[in-house]
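Participant: Here's a structure for you.
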Amino acid sequence: MSDEIDVLIERKESELLHLRIRMEELKKEFTEQTADLTHEWYRKTAKQYIAKNPEITLKMSEEKIANMKAKVNELVKNTEKIVCSELATPELWWHQKPHLHDSINQYKQIADKYPEILDRAVRRILGQLGRVLEEFGFQVTTKSNTGAYQEFWFENPEGKTVPCYPHLLSWSEQMQETIRKYDAQFTKAITIYNEMQLLKEEKKRRDALSRWDSI
């Protein structure tokens, strides 16, 4: 009987492995797509703040404007590194750190509401622009002080203040589709994982009883 459970566990492990390989591929696709979005977003959003705050921009010297542009361009240049660093966090991706009791809906997109676990990561990536806007006098803060600032570009996960974009955000269609695919794989994977854990618990119970009976 124990041999039968071993076979079942092995079968489940094989199924889960194939799903996790596919989920890793989708994670890489999402990372690339997020980099594509971010690359254009940094420049576009910086120009929006320049345009909607002319009184700040017009008081800046040419040297200061050139310095700000250089810092925005540096962000653009480092986009891939910033995105990869944030999205490499294993806690974001179930296939890298499987858990028994995770919510079955954690990667589900409902209407225009993206999965919070990944939406927050994307917002932290975009929030890096807030540091530049803050440095050059725009009404943005990426720190926990509120003062007279109008926009709070930060969050405090686990007591640590990190930049985070706070406004309406639209993912690209490619990003949305990739996470829909990831969610489909996740739904299958967590079901198999739970079944596998139940089989392992049953095996331990049977092995314990067998040991008891043999003595």
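The values are calculated or read from the model by the stated rules, or taken from the named source; none is laboratory data. Since the model is a prediction, treat every value here as computed from it, not as a measurement. Neighbour counts are summed over all protein chains in view; Cβ atoms, including those assigned to glycine, are modelled from backbone coordinates with ideal geometry.
Participant: Which condition breaks for residue 170 when tested against (1) closer than 29 Å to residue 29 by Cα; (2) modelled with pLDDT under 90; (3) among the polar types (S, T, N, Q)?
Facilitator: If we test residue 170 against (1) closer than 29 Å to residue 29 by Cα; (2) modelled with pLDDT under 90; (3) among the polar types (S, T, N, Q), just (2) comes out false.
Participant: Considering only residues that are basic (Lys, Arg) and in a helix (DSSP H, G or I), which ones fall in the range 88-141?
Facilitator: Result: 120, 123, 124, 131.
Participant: Out of (1) hydrophobic (A, V, I, L, M, F, W, C); (2) buried (at least 17 other Cβ atoms within 10 Å of the Cβ); (3) assigned to a loop (DSSP other than H, G, I, E, B), what's the single condition that is false for residue 169?
Facilitator: Unmet for residue 169, out of (1) hydrophobic (A, V, I, L, M, F, W, C); (2) buried (at least 17 other Cβ atoms within 10 Å of the Cβ); (3) assigned to a loop (DSSP other than H, G, I, E, B): (2).
Participant: Another question about this same structure. Looking at the range 172-181, can you tell me whether even one residue there is in a helix (DSSP H, G or I), polar (S, T, N, Q) and under 20 Å from residue 99 (Cα atoms)?
Facilitator: For the range 172-181, residues in a helix (DSSP H, G or I), polar (S, T, N, Q) and under 20 Å from residue 99 (Cα atoms): absent.
Participant: Please indicate, with yes or no, whether at least one residue in the range 19-31 is within 14 Å of the chain's Cα centre (by Cα), surrounded by fewer than 16 Cβ atoms within 10 Å (Cβ to Cβ) and either assigned to a loop (DSSP other than H, G, I, E, B) or in contact (Cβ under 8 Å) with a residue 60 or more places away in the chain (or both).
Facilitator: Yes: the range 19-31 contains one or more residues that are within 14 Å of the chain's Cα centre (by Cα), surrounded by fewer than 16 Cβ atoms within 10 Å (Cβ to Cβ) and either assigned to a loop (DSSP other than H, G, I, E, B) or in contact (Cβ under 8 Å) with a residue 60 or more places away in the chain (or both).
Participant: Hey, another quick one. Any residue in the range 156-175 that is within 20 Å of residue 111 (Cα to Cα) sitting within a Cβ distance under 7 Å of a residue that is of a type outside the set (A, V, I, L, M) and surrounded by fewer than 10 Cβ atoms within 10 Å (Cβ to Cβ)? List the pairs, counting only those 6 or more apart or interchain.
Facilitator: Filtered contacts from the range 156-175: no entries.
Participant: Which one of these does residue 124 not meet: (1) out of contact with any Cys (no Cβ under 9 Å at 6 or more places or on another chain); (2) more than 30 Å from residue 6 (Cβ to Cβ); (3) at pLDDT 90 or above?
Facilitator: The number of the failed condition is (1).
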